[in-house]
1. In segment 199-224, which residues are out of contact with any strand residue (DSSP E or B) (no Cβ under 9 Å at 6 or more places or on another chain) and touching a residue at least 12 places away in the same chain (Cβ under 8 Å)?
2. Wholly within segment 1-87, which helices (runs of 4 or more DSSP H) include no fewer than the required count, namely at least 1 residues that are touching a helix residue (DSSP H, G or I) at 6+ places or on another chain (Cβ under 7 Å), over 30 Å from residue 226 (Cβ atoms) and modelled with pLDDT of 95 or more?
3. Can you find a residue that is over 19 Å from the mean Cα position of the chain (by Cα) and at positive phi anywhere in segment 205-213?
4. Given the criteria within 22 Å of residue 34 (Cβ to Cβ), in contact with a helix residue (DSSP H, G or I) (Cβ under 8 Å, 6 or more places away or on another chain) and not in a loop (DSSP other than H, G, I, E, B), does residue 215 qualify?
5. Could you please find all residues in segment 45-76 being more than 14 Å from residue 95 (Cβ to Cβ) and out of contact with any strand residue (DSSP E or B) (no Cβ under 7 Å at 6 or more places or on another chain)?
6. Specify which of the listed residues (55, 89, 100, 72) is without any contact (Cβ under 8 Å) to a residue 12 or more places away in the chain and either over 15 Å from residue 37 (Cβ atoms) or within 15 Å of the chain's Cα centre (by Cα) (or both).
């Protein structure tokens with residue numbers, strides 16, 4: 001049994017409304033991570049999709065509009081409230097912590113599991129990856145984004161580039177008082193090896209790059225993130241026909 005605590009719950013409860021209102025207009029989210037994830041999810045109509053760590057429902061809403069049957073959960077109750085508003089009843093949403101068991105999710109229930117910048121907050125990926133494997137149908141796909149190890153190393157400046165390390169950062173870009181957000185820095189091998197150990201087959205790794213629209217709205221950020229990656233998208237498959 002994993003006794004992992006949701007380290008970022010307090011921070012995201014404090015940030016929820018500001019994050020929901022502003023993230024889509026931020027370079028890192030709206031112009032890099034969101035389009036990078038959506039590029040891997042082009043044909044979801046009629047498919048059952050689990051949005052793990054759905055936040056205020058950005059991806060859940062997009063998937064529902066594309067015709068997917070969406071279920072989502074998040075550790076933050078306020079994020080779930082915002083996601084319910086954003087999806088307008090088009091997704092089944094509930095509060096849950098991916099670092100523990102989630103009995104609401106049935107075995108082989110989903111064609112796709114997506115997770116957007118959420119699994120980073122779990123130190124031991126064993127439980128969430130086993131959950132994702134359990135709830136996916138044979139041949140099902142896991143698509144998730146994480147902080148890129150290079151960008152995260154330059155941002156957090158942990159004492160070593162190896163392993164998994166607790167880190168913190170002050171978020172100042174969402175208005176209001178700054179919020180200290182705890183996280184885990186994770187090296188590349190600490191991402192890929194747990195996936196393989198869980199039984200996934202890694203199909204694709206994408207260094208997320210800014211879309212051209214950012215060059216028009218924020219050319220300095222476009223240049224910065226065209227040189228140094230900030231996020232990475234990983235696509236993995238559950239074995240089976």
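The values are calculated or read from the model by the stated rules, or taken from the named source; none is laboratory data. No experiment lies behind these values; they were computed from the predicted model shown. Cβ atoms come from the backbone with ideal geometry, glycine included; neighbour counts cover every protein chain shown.
1. Of everything in segment 199-224, those that are out of contact with any strand residue (DSSP E or B) (no Cβ under 9 Å at 6 or more places or on another chain) and touching a residue at least 12 places away in the same chain (Cβ under 8 Å) turn out to be 209, 210, 211, 213, 214, 217, 218, 221, 222.
2. Details: elements: 9-22, 34-39, 58-65, 77-87.
Because the criterion is at least 1 residues that are touching a helix residue (DSSP H, G or I) at 6+ places or on another chain (Cβ under 7 Å), over 30 Å from residue 226 (Cβ atoms) and modelled with pLDDT of 95 or more, the helices (runs of 4 or more DSSP H) in segment 1-87 that meet it are 58-65, 77-87.
3. Filtering segment 205-213 down to residues over 19 Å from the mean Cα position of the chain (by Cα) leaves 212-213.
Now drop any that are not at positive phi, which leaves none.
Checked segment 205-213: no residue is over 19 Å from the mean Cα position of the chain (by Cα) and at positive phi.
4. Details: within 22 Å of residue 34 (Cβ to Cβ): yes; in contact with a helix residue (DSSP H, G or I) (Cβ under 8 Å, 6 or more places away or on another chain): yes; not in a loop (DSSP other than H, G, I, E, B): yes.
Here the answer is yes, as residue 215 does meet what is asked.
5. If the condition is that a residue be more than 14 Å from residue 95 (Cβ to Cβ) and out of contact with any strand residue (DSSP E or B) (no Cβ under 7 Å at 6 or more places or on another chain), then 45, 46, 58, 61, 62, 65, 66, 67 are the ones that fit.
6. On the way: 55 fails: without any contact (Cβ under 8 Å) to a residue 12 or more places away in the chain; 100 fails: without any contact (Cβ under 8 Å) to a residue 12 or more places away in the chain; 72 fails: without any contact (Cβ under 8 Å) to a residue 12 or more places away in the chain.
So the residue among 55, 89, 100, 72 that is without any contact (Cβ under 8 Å) to a residue 12 or more places away in the chain and either over 15 Å from residue 37 (Cβ atoms) or within 15 Å of the chain's Cα centre (by Cα) (or both) is 89.
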